[in-house]
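Student: Attaching a single structure in structure tokens format; questions to follow.
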Amino acid sequence: MARIGITCNDCGHSAKVPVEFAGKRVRCLRCQTKLRVPNPKGKPKASRSRPKSSPKRGSAAASNTRNRKGSIASDTRRKAQAAIREILEEYEYAIEADERGFLIDVRGVTFGLARTLVEEVLEEAPGVRDVRLAGGLGACRLTVVLRGASFNPEDSFADEYEETEIYHRKSLPNQKTIDLDAIVNSAATNSIVRDPVKKLLDGKANAEMPMESNIGLVPDGSTRGSSGFETIDDYVVKGQACLDAGEVEKAVKILEKAVRIDKDHEDAVYLLATAYASIGEYDRARRAFRHFVKMCPNDPDGYVMHAAASVACDRLEDARAALVKAIRLDPNHPKAYRYAARLYDRLGDPVKAQQFRQRYNNRRGA
């Protein structure tokens, strides 16, 4: 969707507004000064393309679908759109279908009111996983991601170039779980694991996070089902197929069985982590990605995914440690620097954020 750049002459705040506002008067969201949106000359410039989903891991089915986007069940999309339209019926808005959900421009609202609308969407619209809120002059954009869309680190890290906030649907309460250590370490269900976190650029390499249990990865259930699958590869291939078809809840159940058969199967653990993240179970995704990087300590992309899931459940120190490891493994990994900059913005350290942003820009242009 084409957008028009505009800058407030009073406070200097810049934003982009939908092309439908050309020639109209709007208010600056920061200082409320009235401004007129200019009419663009010629054809409007196309909007920036959306980021691609992260690739799947290395099973045969995964390699054949490496460039595919995660599908979303049509029923999920239809119900979510109907609920969103009901929530926004009193406002002027434009809604555009996106492969991962919806792009919604809400006009004539303040940023504070837009936050309230986001909360209503998360609470009342079925099938919504995340909402990104970006403010503009006289309009706000809601990027709605539905359950079943492929998990992308972009879902967790806000855009530093505009005023953007990210809202995640909270995990369902009171879910029965078992201790991951019973699967991962073949230990007692009440055992706990130390999760070391290195301080980024401060020299404290031996600092550790407080001890935490690994409760919450896999729900209770038998390790064998009646589905007819006999080997872990059968489960992994079927789980991948369900993810591609948008049947994420079904994929989770299948992949949980695979992890119970072999707690160290890389594809099974990675796919289960992405499936958890795809339905908004970010804490379980974080624990699964953490186990994956323990099995694959030289995979920088695994650490980036671990960081993204950690940010989504507000474990910022875990995210910082994961990005440190990603950068140490691959000093030229541009996304690791990009997300480190965004993380430090959130941590309130603009100096380090700018340092990492500069490194990201240098590597992107290399």
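The values are calculated or read from the model by the stated rules, or taken from the named source; none is laboratory data. What you see is a predicted model; the values in this text were computed from it and never measured. Cβ atoms come from the backbone with ideal geometry, glycine included; neighbour counts cover every protein chain shown.
Student: Being closer than 22 Å to VAL259 by Cα and of a type in the set (Ser, Thr, Tyr) is the filter; apply it to the range 287-346 and report the residue that is surrounded by the most Cβ atoms within 10 Å (Cβ to Cβ).
Tutor: Per the criteria, the residue is TYR303.
Student: Taking the condition of being among the β-branched types (Val, Ile, Thr) and under 14 Å from PHE157 (Cα atoms), how many residues in the range 307-357 meet it? Full working, then the answer.
Tutor: Kept after step one, since they are among the β-branched types (Val, Ile, Thr), are these residues of the range 307-357: 311, 324, 327, 351.
Of the ones still in play, those that are also under 14 Å from PHE157 (Cα atoms) are 311.
Qualifying residue count, the range 307-357: 1.
Student: Tally time: how many residues in the range 137-163 are out of contact with any Gly (no Cβ under 6 Å at 6 or more places or on another chain), in a strand (DSSP E or B) and at pLDDT 85 or above?
Tutor: Within the range 137-163, residues that are out of contact with any Gly (no Cβ under 6 Å at 6 or more places or on another chain), in a strand (DSSP E or B) and at pLDDT 85 or above number 4.
Student: Quick check on the range 105-138: of everything there that is in contact with a helix residue (DSSP H, G or I) (Cβ under 7 Å, 6 or more places away or on another chain) and of a type in the set (A, V, I, L, M, F, W, C), which residue is nearest to GLU281 (Cα to Cα)?
Tutor: VAL128
Student: Quick check: is even one residue across the range 256-271 under 18 Å from the mean Cα position of the chain (by Cα), outside the structural domain of ASP155 (by TED's automatic domain parsing) and touching a residue at least 60 places away in the same chain (Cβ under 8 Å)?
Tutor: Looking for residues that are under 18 Å from the mean Cα position of the chain (by Cα), outside the structural domain of ASP155 (by TED's automatic domain parsing) and touching a residue at least 60 places away in the same chain (Cβ under 8 Å), one finds at least one in the range 256-271, hence yes.
Student: Working carefully through the options ALA308, ALA312, ALA288, find the one that is touching a strand residue (DSSP E or B) at 6+ places or on another chain (Cβ under 7 Å) and farther than 17 Å from VAL236 by Cβ.
Tutor: Going through ALA308, ALA312, ALA288 in turn, the sole match is ALA312.
Student: Here is a follow-up. Could you look through the range 337-366, keep only residues that are at pLDDT 90 or above and in contact with an Asp or Glu (Cβ under 7 Å, 6 or more places away or on another chain), and pick out the one that is farthest from GLU163 (Cα to Cα)?
Tutor: Ranking the qualifying residues of the range 337-366, first place goes to ALA341.
Student: Given the criteria of a type in the set (A, V, I, L, M), buried (at least 21 other Cβ atoms within 10 Å of the Cβ), assigned by TED's automatic domain parsing to the domain that holds ALA22 and within 17 Å of ALA277 (Cβ to Cβ), does LEU146 qualify?
Tutor: On the way: of a type in the set (A, V, I, L, M): yes; buried (at least 21 other Cβ atoms within 10 Å of the Cβ): yes; assigned by TED's automatic domain parsing to the domain that holds ALA22: yes; within 17 Å of ALA277 (Cβ to Cβ): yes.
Answer is yes for this residue.
Student: Now, a different point. Go through the range 1-17 and give me each residue that's buried (at least 16 other Cβ atoms within 10 Å of the Cβ) and either assigned to a loop (DSSP other than H, G, I, E, B) or at pLDDT below 75 (or both). Spell out the reasoning first.
Tutor: First, the residues of the range 1-17 that are buried (at least 16 other Cβ atoms within 10 Å of the Cβ): 3-4, 6, 8, 13, 15-17.
Hits for the range 1-17 are CYS8, HIS13, VAL17.
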